[in-house]
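The values are calculated or read from the model by the stated rules, or taken from the named source; none is laboratory data. All of these numbers come straight from a predicted model, not from anything done at the bench. Neighbour counts are summed over all protein chains in view; Cβ atoms, including those assigned to glycine, are modelled from backbone coordinates with ideal geometry.
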Amino acid sequence: MSAVARTRLDNGVVLIARPNRAAKSVAIQMVFEAGAAFDPASKAGTAALVAGLLDRGAGTLSAAEIAATFDDLGIAYGAGAGRDSLEITLRLLSEHLPGVLERLRLIVSEPTFPEAEIGREKGRLLTAIAERDQNTAAVAEMAVQATLYPSGHPYRSPRLGSRDSVQRIERSDLTAFHKSHLRPSGAIVSMAGDFDPARAIGLAANIFGAWNGGPGQSARRAVRTPEAASDRAARPPIPDPPAPGRMISVVRPIAGKTQADIALGFRGLARRSPDLPAVLVLDSILGEFSLGGRLGKAIRERAGLAYYAYSHVTAGLGVGPFVARAGVAPERVRRALELMRGTIAQVVRRGVSPSELRDSKQALSAAVPRRMETNPDAAEILADAEFYGLGIDYPRHLPELIRAVTRSQVEEAARKYLTLKSCVLVVAGPAMDKETLA
Amino acid sequence: MTARARRASVVATRLSNGLTVILREMRQAPVVSVWCWYRVGSRDERPGFTGISHWVEHMNFKGTRRIPKDEVTRRVELAGGTWNGYTWLDVTTYYETVQSDAFDEMLRLEASRMTECVYSTTEVERERNVVISELQGGENDPRSFLEKEVTGTALQAHPYRWPTIGYLSDLRVITRDDLYAHYRRYYVPNNAILIAAGDFESRTALRLVRRHFGKIRRGEDAPPVRTIEPAQRGERRLTIRRPSGAVYLDLAMHAPAAADPEFAAFLVADGVLAGGPTVNVWSGQDGRGPSKSSRLYRALIEGNLAGQVSTQIVPTRHPYLYRVAVTANEGVEPGRIEEALSEEFERLARGDIAERDLERAKTQFLARHALESESTTDAAHQLGFFETVASHRLFFDLPRRVEAVTAADVAAFARRRFDRDQRTVGVLRPSGPLTAPAGPAGHGVTRS
């Protein structure tokens with residue numbers, strides 16, 4: 001793995017540069033702690049709107065002028081809000097790096113949020129929401145969130161918001177969100193590609209060093225290690241959701257669908273949890289390895305019930321969900337559910353075999369260098385490690401952490417997280433009777 | 001910007017059994033990407049057997065005489081790898097991107113897949129349901145439903161007209177022997193292309209390829225597709241009513257094949273309309289919308305008519321379709337969108353193309369062409385895909401061809417191709433019983 005340079009500027013901006021001379025291009029990922037989790041109460045969708053509007057007018061430049069500078073140089077620009085973070089990505093030929101960094105600074109520090117652009121972006125968001133609400137997979141995952149997290153929890157609302165919440169958002173909400181969340185302190189600029197790392201850092205330091213967004217109104221929170229996390233604005237930590245206490249079943253009928261999406265959601269863990277390596281191995285065994293782990297083997301390979309059956313873990317600043325998923329015809333929901341619950345119960349009761357433990361550990365640790373191959377992937381992985389305060393060496397250490405996981409740790413994680421008596425079961429799709437879930 | 005497609009070091013050869021081998025050394029990371037391509041796709045099917053190529057692809061993950069079922073993907077993953085396969089109009093392909101020390105093992109896997117997959121009746125029946133489930137999942141999405149209907153209307157004779165997933169009726173009756181016969185007919189070295197890109201030395205790599213594939217016997221040449229789509233003589237329209245969250249418009253026009261000299265003007269025309277197009281069907285279709293200074297963005301998005309617009313170019317062996325897909329804004333009649341699109345097509349046909357528009361379209365194309373072949377996986381994909389539909393040399397030649405396109409070429413292309421009589425216009429409108437909004441609250445919760 002190439003040497004990675006990292007610097008933290010006086011204003012709190014963290015710069016990361018990973019050289020890769022194989023192609024004459026650069027990928028940039030800029031990250032702020034400004035995801036949907038930080039949307040103001042009853043205004044879900046604010047972060048998504050802010051992300052969509054950053055390049056629609058900034059400083060003295062109009063949306064058209066900003067678009068023209070990117071388009072004339074063949075630069076790909078994208079921005080979006082995830083659960084925890086707001087992210088901007090750029091792909092460019094390396095000769096354009098200085099100009100692009102200047103433009104990036106302008107976009108994140110001085111967006112103008114013109115009213116006409118806000119109206120248009122809200123319209124687009126409302127259409128995306130209407131489409132999402134007809135999408136069985138999206139509806140199933142939203143229902144897991146809405147049931148797993150209590151009212152008022154930052155992870156409860158859908159990332160794009162709802163029809164009502166988006167209509168409530170006004171320009172002042174966007175400017176306030178920008179002011180309090182898109183600040184130099186804690187911002188990350190991660191670059192990977194064709195440059196000398198010291199020069200790229202120097203260039204970015206000149207451009208971002210002069211940015212003074214101020215420390216914000218609130219006091220810094222107590223210093224925690226590593227330093228990146230401590231740079232961010234003080235905010236209460238994202239609270240752990242309570243255990244559901246039983247299996248809560250939710251049916252979301254959507255007319256006109258040919259297939260149902262099933263989600264079985266458990267309370268998972270935060271990214272910095274010491275359990276993470278063991279849970280990654282558990283998730284691989286349960287629903288990722290090869291054709292979807294044990295779930296894929298039982299539901300797709302042996303029973304031929306579904307095109308997809310798998311599990312995934314979302315570990316963020318706060319406790320994310322650990323979800324088992326499958327998409328099946330309505331008349332097969334019952335059988336698929338039996339297999340899903342049976343497979344999970346078996347992992348919890350009987351544990352995992354030494355050979356599947358070995359396979360999953362080997363696959364997860366050996367995949368790390370490949371995942372860093374391209375510039376966009378490297379920029380993203382390094383930004384992610386920085387964002388969650390795991391340290392810039394995290395991609396280098398991750399294989400060791402995975403290899404150190406023991407069988408008893410995986411089995412302990414299965415008992416702790418895959419709690420069939422305390423989880424959320426959602427079926428979204430063609431109308432079906434409640435006995436299906438009984 | 002000048003064309004910077006640095007002519008990569010590529011070794012291309014053909015073994016005596018007809019297998020095409022193309023190798024590209026890329027030393028950027030200790031990984032290698034191996035792709036095995038077959039010149040077979042939905043174009044090689046006939047009514048009653050639609051979807052068979054794709055189903056064969058699924059069967060070819062279910063073990064071979066030497067490699068048990070679970071081992072096929074397991075071995076790739078143990079090498080830190082990622083794997084997949086896909087079937088489309090002209091192609092079926094399988095790939096593994098792994099740590100480079102597993103190169104030899106991946107070649108053994110692909111050679112085994114070419115000759116000795118096991119088609120057990122039990123596995124065929126299981127997979128029948130899996131493939132039907134894949135079809136039903138696709139039908140859940142109103143946009144892909146509309147796309148399928150428009151394709152079948154725009155093309156009336158050429159086998160590109162049916163969906164690669166197949167028709168449900170055919171998937172219900174295709175037998176194990178049908179599948180096996182299709183496999184044996186098309187999975188022969190003279191119908192295949194083996195690609196590797198990554199961290200290896202070409203001479204050594206070629207020796208390994210010969211060792212694994214050299215002894216496989218040549219088969220009969222696959223029969224060519226003979227039907228040529230007759231010229232369209234008038235606009236075609238269709239309206240579909242299905243439950244959906246928005247109104248969709250899908251407009252299709254006939255497009256030139258990848259090897260056609262017109263293809264470069266096609267790329268630039270699309271670039272002026274929507275921003276630099278991708279020619280990487282594997283990783284380039286990332287849902288990126290039109291570039292924000294493009295004409296369609298300005299006319300439809302900034303014109304408050306649509307929330308989304310995307311265009312699609314597929315490099316194909318035979319003439320296929322150019323598609324513009326639009327998600328209408330709430331309350332906007334699709335007719336207004338169609339008129340706005342017509343106006344943009346007519347502008348092009350009139351030759352209303354400024355030098356800056358032309359340069360921008362070319363620059364964007366050249367940048368994407370380079371960026372979307374950077375990884376070993378993408379580089380290997382592009383070599384194989386273009387070799388299947390035309391020639392791998394065409395991929396490297398596209399930047400030169402695109403740079404040579406003039407405004408007059410684009411205007412001539414638009415006049416020939418974007419005429420109203422050449423269009424198929426599909427509209428999907430929401431219908432059906434209104435469903436309760438799937439809001440975030442505890443709506444519809446039952447407790448057991």
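For the residues A:Ala367, A:Ala324, the requirement of being more than 30 Å from B:Ala197 (Cα to Cα) and small (Gly, Ala, Ser) singles out A:Ala324.
Residues in region B:312-331 that are modelled with pLDDT of 95 or more and either of a type in the set (D, E, K, R) or within 27 Å of A:Glu65 (Cβ to Cβ) (or both): B:Arg317, B:Arg323, B:Val324, B:Val326, B:Thr327.
Can we say A:Thr374 is more than 9 Å from chain B (Cβ to nearest Cβ) and polar (S, T, N, Q)? So A:Thr374 fails the test. Here A:Thr436 meets each of (1) in a helix (DSSP H, G or I); (2) modelled with pLDDT of 95 or more; (3) surrounded by fewer than 19 Cβ atoms within 10 Å (Cβ to Cβ); (4) within 14 Å of chain B (Cβ to nearest Cβ) with one exception, condition (2). Taking the criterion of being farther than 15 Å from A:His178 by Cβ, in contact (Cβ under 8 Å) with a residue 24 or more places away in the chain and in a helix (DSSP H, G or I), the residues of region A:121-136 that qualify are A:Lys122, A:Arg124, A:Leu125, A:Leu126, A:Ala128, A:Ile129, A:Ala130, A:Arg132, A:Thr136.
Could you figure out which of (1) modelled with pLDDT of 95 or more; (2) at positive phi isn't true of A:Gly186? The one condition A:Gly186 does not meet is (1). Among what's in region B:50-73 and is out of contact with any Asp or Glu (no Cβ under 6 Å at 6 or more places or on another chain) and assigned to a loop (DSSP other than H, G, I, E, B), pick the residue that is farthest from B:Pro224 (Cα to Cα). Residue satisfying both the conditions and the ranking: B:Pro68. Among the residues of region B:420-441, the ones that are modelled with pLDDT under 95, touching an Asp or Glu at 6+ places or on another chain (Cβ under 9 Å) and aliphatic (A, V, I, L, M) come to 1 in all. Taking the criterion of being closer than 25 Å to B:Arg420 by Cβ and outside any loop (DSSP other than H, G, I, E, B), the residues of region B:207-238 that qualify are B:Arg236, B:Arg237, B:Leu238.
For region A:247-266, the set of residues classified as out of contact with any strand residue (DSSP E or B) (no Cβ under 7 Å at 6 or more places or on another chain) and either of a type outside the set (A, V, I, L, M, F, W, C) or more than 7 Å from chain B (Cβ to nearest Cβ) (or both) consists of A:Pro253, A:Thr258, listed by residue number.
If you go through region A:86-111 and pick out every residue that is in contact with a Lys or Arg (Cβ under 8 Å, 6 or more places away or on another chain) and either surrounded by 23 or more Cβ atoms within 10 Å (Cβ to Cβ) or at pLDDT 95 or above (or both), you end up with 2.
Among the residues of region A:163-176, how many are away from every other protein chain (no Cβ under 11 Å) and in a helix (DSSP H, G or I)?
Residues that pass the stated criteria total 9.
Counting the residues of region A:121-155 that are over 29 Å from B:Glu139 (Cα atoms) and either under 19 Å from the mean Cα position of the chain (by Cα) or aromatic (Phe, Trp, Tyr) (or both) gives 5.
Sort through A:Arg271, A:Arg252, A:Arg341 and tell me the only one that's in contact (Cβ under 8 Å) with a residue 24 or more places away in the chain, part of a strand (DSSP E or B) and of a type in the set (Lys, Arg). First the steps, then the outcome.
Details: A:Arg271 fails: part of a strand (DSSP E or B); A:Arg341 fails: part of a strand (DSSP E or B).
Every option except A:Arg252 fails the conditions.
Is it the case, given these coordinates, that A:Gln362 is under 27 Å from A:Met247 (Cα atoms), among the polar types (S, T, N, Q) and part of a helix (DSSP H, G or I)?
No; evaluated as a whole, the condition is false for this residue.
Which residues, counting only those in region B:135-155, are more than 14 Å from chain A (Cβ to nearest Cβ) and at pLDDT below 95?
Of everything in region B:135-155, nothing turns out to be more than 14 Å from chain A (Cβ to nearest Cβ) and at pLDDT below 95.
Among the residues of region B:21-48, those identified as farther than 30 Å from A:Arg18 by Cα and under 21 Å from the mean Cα position of the chain (by Cα) are B:Ile22, B:Cys36, B:Trp37, B:Tyr38, B:Arg39, B:Val40, B:Gly41, B:Ser42, B:Arg43, B:Asp44, B:Glu45, B:Arg46. Among the residues of region B:366-376, the ones that are of a type outside the set (A, V, I, L, M), assigned to a helix (DSSP H, G or I) and facing chain A (nearest Cβ under 8 Å) come to 2 in all. Evaluate region B:252-260: report whether one residue or more is surrounded by fewer than 24 Cβ atoms within 10 Å (Cβ to Cβ) and within 14 Å of chain A (Cβ to nearest Cβ). There is no residue in region B:252-260 that is surrounded by fewer than 24 Cβ atoms within 10 Å (Cβ to Cβ) and within 14 Å of chain A (Cβ to nearest Cβ).
Within region A:390-401, does at least one residue satisfy the condition of being in contact with a strand residue (DSSP E or B) (Cβ under 7 Å, 6 or more places away or on another chain) and within 14 Å of chain B (Cβ to nearest Cβ)? The answer is no, given that none of the residues of region A:390-401 is in contact with a strand residue (DSSP E or B) (Cβ under 7 Å, 6 or more places away or on another chain) and within 14 Å of chain B (Cβ to nearest Cβ).
Only one entry in B:Val118, B:Val56, B:Val130, B:Val40 is more than 8 Å from every other protein chain (Cβ to nearest Cβ) and either in contact with a strand residue (DSSP E or B) (Cβ under 6 Å, 6 or more places away or on another chain) or among the small types (Gly, Ala, Ser) (or both), namely B:Val40. Look at (1) in contact with a Gly (Cβ under 9 Å, 6 or more places away or on another chain); (2) surrounded by fewer than 23 Cβ atoms within 10 Å (Cβ to Cβ) and you find that A:Ala51 fails only one, number (2).
Taking the criterion of being hydroxyl-bearing (Ser, Thr, Tyr) and closer than 30 Å to B:Ser293 by Cα, the residues of region A:1-57 that qualify are A:Ser25, A:Thr46.
Name the residue, out of B:Ser283, B:Ser294, that is more than 28 Å from A:Ile254 (Cβ to Cβ), out of contact with any strand residue (DSSP E or B) (no Cβ under 7 Å at 6 or more places or on another chain), within 11 Å of chain A (Cβ to nearest Cβ) and in contact (Cβ under 8 Å) with a residue 60 or more places away in the chain.
B:Ser283
Can you find even one residue in region A:147-162 that is aromatic (Phe, Trp, Tyr) and not in a loop (DSSP other than H, G, I, E, B)? Within region A:147-162 (the criterion being aromatic (Phe, Trp, Tyr) and not in a loop (DSSP other than H, G, I, E, B)), the answer is no, since none of the residues qualifies.
Among the residues of region B:141-196, the ones that are part of a helix (DSSP H, G or I) and within 30 Å of B:Arg108 (Cα to Cα) come to 14 in all.
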